[in-house]
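Here the structure comes first, spelled out in structure tokens, and everything after it is commentary.
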Amino acid sequence: ETGVTQSPTHLIKTRGQQVTLRCSSQSGHNTVSWYQQALGQGPQFIFQYYREEENGRGNFPPRFSGLQFPNYSSELNVNALELDDSALYLCASSSETGVTEAFFGQGTRLTVV
Amino acid sequence: GENVEQHPSTLSVQEGDSAVIKCTYSDSASNYFPWYKQELGKGPQLIIDIRSNVGEKKDQRIAVTLNKTAKHFSLHITETQPEDSAVYFCAASRGGADGLTFGKGTHLIIQP
């Protein structure tokens, strides 16, 4: 058990809507990263939050945004949903930013119809 | 940016035999190389990792080797068991806030 928990586990949204996904990091971890995993692919890095600020970002458009709270939990927000946003969204926590182990939650399966 | 290639995409081995999965990376600045196991309906689980100042690391039946000159690293699983069946991902990172770049995964099937 990694201690990283995500909610909800599944949800279905309509194209054009907005969605918020949540993540609680493992105890003692202050860094949270979000990944998108399309079916049959490896996870792709969306962004990382450290000390409540985004400090790294992958190749994703601005409609993907996030927050980190003082207790190190995090949210991923996606606006103007597109069909291609359908994927498993994974949250990973680390003890700090930099070269360190990342532990993943079970993911949120988002389906956009 | 970093690009990670992983082979094979599917690997079927007899129970008790060894399995080897290989990855190559493109960014010479990458210095951290973890391996994850993902079972159906679950998130990736970190099983072993290696840093650029080490050539080999072993943990019971699992070992990872790294060749920085050739920019490739491999996962070795010995004495495979049915519970080893899963999708395995390699990844690379240069550290900082760049995140992990993953390969496309290897579906490992252990035949009884």
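Coordinate-derived values only; no laboratory data. Because the structure is predicted, anything quoted here is derived from the model rather than measured. Methodologically, a virtual Cβ is constructed for each residue, glycine included, from the backbone with ideal geometry; neighbour enumeration extends over all protein chains shown.
Here are the numbers for this structure:
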| quantity | calculated |
| --- | --- |
| Size of electric dipole in the range B:16-108: Cβ of Lys, Arg +1 and of Asp, Glu -1, about Cα centre, debye, nearest 20 | 300 debye |
| Label-to-label distance, nm, for residues given as A:T14 and A:N55 (7 Å Cα→Cβ offset) | 4.1 nm |
| Whichever lysines have a C-alpha closer than 20 Å to that of B:K57, once near sequence neighbours (fewer than 8 apart) are set aside | B:K22, B:K37, B:K68, B:K71 |
| Antiparallel DSSP beta bridges within chain B, percent to nearest 5 | 90 percent |
| Spherically averaged projected area in nm², based on the convex hull that wraps the Cα atoms of the range A:12-71 | 5.2 nm² |
| Label-to-label distance, nm, for residues given as A:R22 and A:V113 (7 Å Cα→Cβ offset) | 2.4 nm |
| Equivalent-ellipsoid semi-axes of chain B, from the Cα gyration tensor, Å, largest first | 23, 15, 12 |
| Neighbour net charge for A:G16 - beta-carbon separation under 12 angstrom, K R +1, D E -1 | +1 |
| Average projection area in nm² (convex hull over Cα atoms of the range A:40-113, one quarter of hull surface) | 5.5 nm² |
| Neighbourhood charge, 10 Å Cβ-Cβ cut-off, centred on B:E15 and excluding it, Lys, Arg +1 and Asp, Glu -1 | -3 |
| Square roots of 5 times each gyration tensor eigenvalue, C-alpha, the protein assembly as shown, largest first, Å | 29, 20, 16 |
| Inter-chain shielding of A:49-55 (mean C-beta neighbours from other protein chains, 10 Å cut-off) | 1 |
| Two-site label geometry, B:V54 and B:S26: point separation in nm, points 7 Å out along Cα→Cβ | 2.8 nm |
